[in-house]
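The values are calculated or read from the model by the stated rules, or taken from the named source; none is laboratory data. Please read all numbers here as calculations on a predicted model, not as lab measurements. Don't worry about glycine lacking a Cβ; one is built from the backbone with ideal geometry, like all the others, and counts go over all protein chains shown.
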Ligand SMILES: [Zn+2]
């Protein structure tokens, strides 16, 4: 039973992280410098420094690395 939990807990935790990251990646992000919108991969969501709905990303349009705001899905 313990062995099952040791295997199950990290698997479930990893699955939740992937699902949440994919949901965040479905949103677009707005650059504060050029006001353009862009998307990022879900894998990047996991490794990117963030606070609430702000993500520190490299803008593909103006190449500035700064805090970008997560936009709601319309
Ligand atoms: Zn930009």
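Observations on the structure shown:
- Filter pass, residue 60 being in a loop (DSSP other than H, G, I, E, B), in contact (Cβ under 8 Å) with a residue 24 or more places away in the chain and farther than 19 Å from residue 16 by Cβ: no
- Number of residues in region 57-74 that are touching a strand residue (DSSP E or B) at 6+ places or on another chain (Cβ under 6 Å) and either within 13 Å of the ligand (Cβ to nearest atom) or modelled with pLDDT under 95 (or both): the value is 7.
- Qualifying residue in region 3-24 (condition: without any contact (Cβ under 8 Å) to a residue 12 or more places away in the chain, more than 16 Å from the ligand (Cβ to nearest atom) and in contact with a strand residue (DSSP E or B) (Cβ under 9 Å, 6 or more places away or on another chain)): no
- Total residues in region 25-39, condition away from the ligand (no atom under 16 Å from the Cβ) and touching a strand residue (DSSP E or B) at 6+ places or on another chain (Cβ under 7 Å): 1
- Residues that are in contact (Cβ under 8 Å) with a residue 12 or more places away in the chain and either surrounded by 12 or more Cβ atoms within 10 Å (Cβ to Cβ) or within 13 Å of the ligand (Cβ to nearest atom) (or both) within region 40-56 comprise 40, 42, 43, 44, 45, 46, 53, 54, 55, 56, listed in sequence order.
- The residues listed here are 6, 16, 46, 40; of these, the one that is in contact with a helix residue (DSSP H, G or I) (Cβ under 7 Å, 6 or more places away or on another chain) and assigned to a helix (DSSP H, G or I) is 46.
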